[in-house]
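Structure, as C-alpha cells:
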RNA sequence: AGGCACGUAGCUCAGUGGGAGAGCACUACCUUGACGCGGUAGGGGUCAGCGGUUCAAAUCCGCUCGUGCCUACCA
C-alpha cells in the first residue's frame, strides 16, 4: 500500500529579506561551515577517495592584490567541485615568510640593519620609528633580534592574507596551516639537505658565483633577469709584451681592467693571428697576460679581440677554467674595488709602482665610480702599455644599449664573485628532470613547454646558500684545524634526531659547546637556505614526509599544484627536482597554471609600478561571490586585463539567483511526477548541461563550465522556462493539479541542479538558497557537501515526446514578446487575442506546448495561420489585440 | 635570435571545419504579481594582413605584421 507523498510546501517568502544581504550572509555561512567542519581533511579515508592540493604558500610580505584572489579562487573552484563529487579534500595553507622580501620590509619598517657580529640586543624594545627617527642612520641590531623582528612582521602580514582568503571563501582546512620558517618546515628542509648530502647530490665549492652586491648574497640562475641598460663600448689599446706592436680591445667593463687575465680572439681572425701565444700588456697596470685563440670570440663584435677578466661574464668563467688562468678578483662583495697590491701573489706587473699608484685611485670606489675614474685615467698617454705615445683610450666611448643580468629583487647588476657556496647538482640530471615533467599533466598543456624549455637550457647547478639571516640554517658545521682555520672540505652535518637545528647555538655530533671557535673545535655554517629550497618541499610539508610515513603515503604525490606561470622555472622546477632526488617520484599529478591579472593597459601589476588593485573594497562592493565570478570567468593560463564590469555581472547573477530561487521555492503543489511535455523537454536540456559542465570541471575548465551554466540559467531557466510555467505552477492554468505538480517539480529540480552547478564558483548565494528547502529535503546540510548533479537526478523522468518542444515554446514566446515591445507595451500586458503564423509542421509540433505559451504571454485566445514560407521552428506573432 | 601564446564589436572576452557570438557600454521601450541590485527589443565586426588546403576557413597549413611571456646572446 502506497502512502501518498506529502505535498510540496511553498516557501514563506515573507520570512526572506527583499534583497540578498551578502555581507551578513557571508559572515553567517563562514561561521556555519566552520561549525560543520566541511573543509576538514579526514585522515581515515583512503587515498583513492582523497583529492590533494599543493597550495602555493604566498610571500606574505609582498603586496596583496587582486592577482592573489584570482589564482587562489581558481584553486578553490576546483576544490569545491571535487568535494561535491565526494572527494576527501586535503587543502592546506602555508606562508612563505622567510627570505629577502621580509628582510627588506623589516629593514625599512624599523630602520634597522642586521650585523651578525653585534651581541644580542632586545627586540622587544624596538618599535617602528616615527618621522624624525627615519632620517637617522639605520640602527644596527643582532642576528637574533633581526630575526625576531622578521617573525613579528610576518605574523601581522599572515593575518592580512588569512583575512582576505577567508573573506573570499577559500575552503581551506585551516588546521593544516604552516609557515616555511616554522619548526616543522625547518625540520623537513634540513632533512632534505641531509638526504641530498647522503646521496651525494649537494656539494660545496669556492667558485665564481652570481652575486648581488646590494644584498651581498649569492643568487641562483632562476632568480636572474635581464634588464636593458645604457652602456658603452670602450676601445682600449693594449701593448704586446716585448714589441712595439699594439692592438685595441673593446669592452663595456673598463673598470675591470685590473682584473684582466688574458686576451682572446677568434682563431681564424687574420687581424690577430700573429698574436696568439704571445703576451699582451695591459695599460695602466702593465700586466702581462696571455693571448689565446677561442672559437667563442666573435670577430664581428667590438674590435674582434677582447680582454678576459675575473670576472666580467659567464664566458670569462669558462675561459678562466679552460685555460687555467690566474684569479685576479678586484671586485669585493660590497660591489667596490677591494685592496690589491701589485707585485704580490697573482698580481704580476712590469711596473709595480705605476700599477699600485694607478690602482690606489680606484680602490674603494663602486663599479660606477671606478668606471668613470678609469676612463679619465686612460685618456692619459703616460698610461699606455705600448710605445706609440697615444692615450690607451683609443676613441671616445661608443654608447650602446645592452641587457645586463640582475637579481630579480636587486637594484644593481649582478657580479661574478668567487665565494664558497653550496649547490645541488642538477645539470647531470636534465634528462630525468625533463622526463619527470612529461609525467605531469600541465593545464593548459603548453605550459609544459615552459618547463621543458627552462630545464633544457639550464646552465648552472642550483646554488642554495644565501648569505642572509631570516631563513632556514644549513644543518652544517666545519671542523677547525689546529690553527683555528675551518676545513670546508670536511663539513659536519647534523643527525636527524637533532632537527631542526641552529648550528650557531647547537654543537655538531661529537663536539662540546665549549669547542665552538676553538682550534680543533668547530664553527657553524653561517648561511641559510635559498627560500625555494624549503618551499620546493611544499607537498612533503603537507604530507609530513619522513615524520609520518603513513600520512605521506596518503598525501604524496599531490593531485594538483596550482601556481602561476612565471614561477615554473623556480617553484615548479625545484619541486619536481626535489621529488626526483628524494624519492624518484613526481610531486603531483597535475600542474594547474593560472594567468596574470594585468592592469587596464595590459601591464603586469606590481607594487613598484603603483598599478595594483587591492581586493578588499571589491569584496565589499561586489560580494565575495561577485569577485569569485570574475576570477572563475578566466580560463587557466590566460592573462586577463582587470575589468570591473565583469564583477558587476557577477553581482547581478547573485541577485538573479536569489530572486529566481525565491520564486521557484515559493510555489507549492501536490506531489506529482514530471510528466508535462514542456517540463520533460526542459529536464532533457538540463541533463545535457549537467553532462557538459561536469566534463569541463573534470578538465579544470571551470570558466567554460561557468559560462555554460550561466547561459543556461539565464536563457533556459529564468527568461523562459520560469516564464512559461509560471501560470501553471501557481495552479492558475488549465492543466489541473498534475500539470501544476509537474511544473513545480521541474522548477525545483532545475533550481536544485543549477545551484549545485554554480556552487563551486558562488558558494554563498547557492548555500543561502539551498538552505531554504533543499538542505532539509536532501539531508545535505550544506550544498558544498551535496551530491554533484548527475543522471541520478533525472532518473525516472521520461524523455520528451519531441526533443525540440522547449525551443519551440521559447521561439513562440519570443515572437510574441517582440511584437509587444514593438507596440510599446510591457511584456506582461494581457492580450485579448493574437495570431501565430508558422509552417504546418511547426504548428503541428507546437500543439504540445501551446497552452503554456498562451498562458505565459497572457493571451486569452490564439489563432494560428499556416505560412509555408517560414522556416521550421520560426513563428510570427500577428494581429495582437491588447485586453485593455 | 629561438620557442610559446595571443590578435574576433568601442571595452573585456568566448567560440577551433558549416549560422559571427556573450557581457559591459550605446539606443529605444517597459514602472514592478521572483527580480529596477530588474526586464524587452535593437544598432554595431574586412574574425590583424596576404596566400594556400577544402564543396565549405575566425577555426587547418604557410608567410607577413603587431603584442605579451619564456629562453638565449649581451667583449
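The values are calculated or read from the model by the stated rules, or taken from the named source; none is laboratory data. In this text, all values refer to a predicted model and were calculated from it rather than measured experimentally. Every residue, glycine among them, receives a Cβ derived from its backbone with ideal geometry; neighbour counts consider all protein chains shown.
Here's the yes/no breakdown for (1) assigned to a strand (DSSP E or B); (2) outside the structural domain of residue A:402 (by TED's automatic domain parsing); (3) surrounded by fewer than 19 Cβ atoms within 10 Å (Cβ to Cβ); (4) modelled with pLDDT under 95:
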{"site": "A:299", "(1), (2), (3), (4)": "no, no, yes, yes"}
{"site": "A:311", "(1), (2), (3), (4)": "no, no, no, yes"}
{"site": "A:315", "(1), (2), (3), (4)": "no, no, yes, yes"}
{"site": "A:320", "(1), (2), (3), (4)": "no, no, no, yes"}
{"site": "A:341", "(1), (2), (3), (4)": "no, no, yes, no"}
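In the condition set (1) within 22 Å of residue A:659 (Cα to Cα); (2) crowded, with 21+ Cβ neighbours inside 10 Å, residue A:775 is compliant with all but (2). The requirement of being more than 30 Å from residue A:697 (Cβ to Cβ) and either outside the structural domain of residue A:724 (by TED's automatic domain parsing) or touching a strand residue (DSSP E or B) at 6+ places or on another chain (Cβ under 6 Å) (or both) is not satisfied by residue A:810.
Within the range A:800-809, the residues that satisfy the criterion of being part of a loop (DSSP other than H, G, I, E, B) and either within 46 Å of the chain's Cα centre (by Cα) or buried (at least 21 other Cβ atoms within 10 Å of the Cβ) (or both) are A:800, A:803, A:804. In the range A:628-653, the qualifying residues are those that are more than 21 Å from residue A:696 (Cβ to Cβ) and in a helix (DSSP H, G or I), and the one that is farthest from RNA strand B (Cβ to nearest atom) is A:647.
Given the criteria within 13 Å of RNA strand B (Cβ to nearest atom), crowded, with 23+ Cβ neighbours inside 10 Å and within 35 Å of the chain's Cα centre (by Cα), does residue A:705 qualify? So residue A:705 fits the description; yes. Taken together, the criteria exclude residue A:325 from residues that are assigned to a strand (DSSP E or B), assigned by TED's automatic domain parsing to the domain that holds residue A:259 and surrounded by 19 or more Cβ atoms within 10 Å (Cβ to Cβ). Looking at the structure I just gave you, is residue A:290 part of a strand (DSSP E or B) and either without any contact (Cβ under 8 Å) to a residue 24 or more places away in the chain or within 12 Å of RNA strand B (Cβ to nearest atom) (or both)? Answer is no for this residue. Kindly indicate which of A:435, A:390 is away from RNA strand B (no atom under 16 Å from the Cβ), surrounded by fewer than 17 Cβ atoms within 10 Å (Cβ to Cβ) and within 26 Å of the chain's Cα centre (by Cα). Unique residue meeting the criteria: A:435.
When residue A:766 is tested against (1) within 51 Å of the chain's Cα centre (by Cα); (2) within 16 Å of RNA strand B (Cβ to nearest atom); (3) loosely packed, with under 14 Cβ neighbours inside 10 Å, exactly one condition is not met: (3). Of the residues that make up the range A:439-458, is at least one surrounded by fewer than 21 Cβ atoms within 10 Å (Cβ to Cβ), under 30 Å from residue A:251 (Cβ atoms) and touching a helix residue (DSSP H, G or I) at 6+ places or on another chain (Cβ under 9 Å)? Yes, because at least one residue in the range A:439-458 is surrounded by fewer than 21 Cβ atoms within 10 Å (Cβ to Cβ), under 30 Å from residue A:251 (Cβ atoms) and touching a helix residue (DSSP H, G or I) at 6+ places or on another chain (Cβ under 9 Å). Does the range A:654-663 contain at least one residue that is assigned to a helix (DSSP H, G or I), over 22 Å from residue A:77 (Cβ atoms), touching a residue at least 40 places away in the same chain (Cβ under 8 Å) and within 8 Å of RNA strand B (Cβ to nearest atom)? Yes, that holds for at least one residue. Among the criteria (1) under 26 Å from residue A:542 (Cβ atoms); (2) at pLDDT 95 or above, the one residue A:200 does not fulfil is (1). Selection of helices (runs of 4 or more DSSP H) fully inside the range A:344-457 by the criterion of at least 2 residues being under 20 Å from residue A:330 (Cα atoms) returns A:352-360, A:367-378. Of all the residues in the range A:609-627, those that are assigned to a loop (DSSP other than H, G, I, E, B) and either in contact with a helix residue (DSSP H, G or I) (Cβ under 9 Å, 6 or more places away or on another chain) or within 14 Å of RNA strand B (Cβ to nearest atom) (or both) number 6. Take residue A:445 and decide whether it is over 28 Å from residue A:526 (Cβ atoms), free of Cβ contacts under 8 Å to residues at least 60 places away in the same chain and more than 16 Å from RNA strand B (Cβ to nearest atom). No.
The residues in the range A:578-595 that are within 15 Å of RNA strand B (Cβ to nearest atom) and surrounded by 22 or more Cβ atoms within 10 Å (Cβ to Cβ) can be counted, and the count is 3.
Taking every residue in the range A:9-25 that is over 13 Å from residue A:769 (Cα atoms) and pairing it with any residue that is assigned to a loop (DSSP other than H, G, I, E, B) and within 10 Å of RNA strand B (Cβ to nearest atom), at least 6 positions away or on another chain, the pairs with Cβ-Cβ distances below 7 Å are A:10/A:666; A:10/A:667. For the range A:157-269, the strands (runs of 3 or more DSSP E) that sit wholly inside it and include 3 or more residues that are touching a strand residue (DSSP E or B) at 6+ places or on another chain (Cβ under 8 Å) and within 13 Å of RNA strand B (Cβ to nearest atom) are A:224-240, A:246-251, A:260-265.
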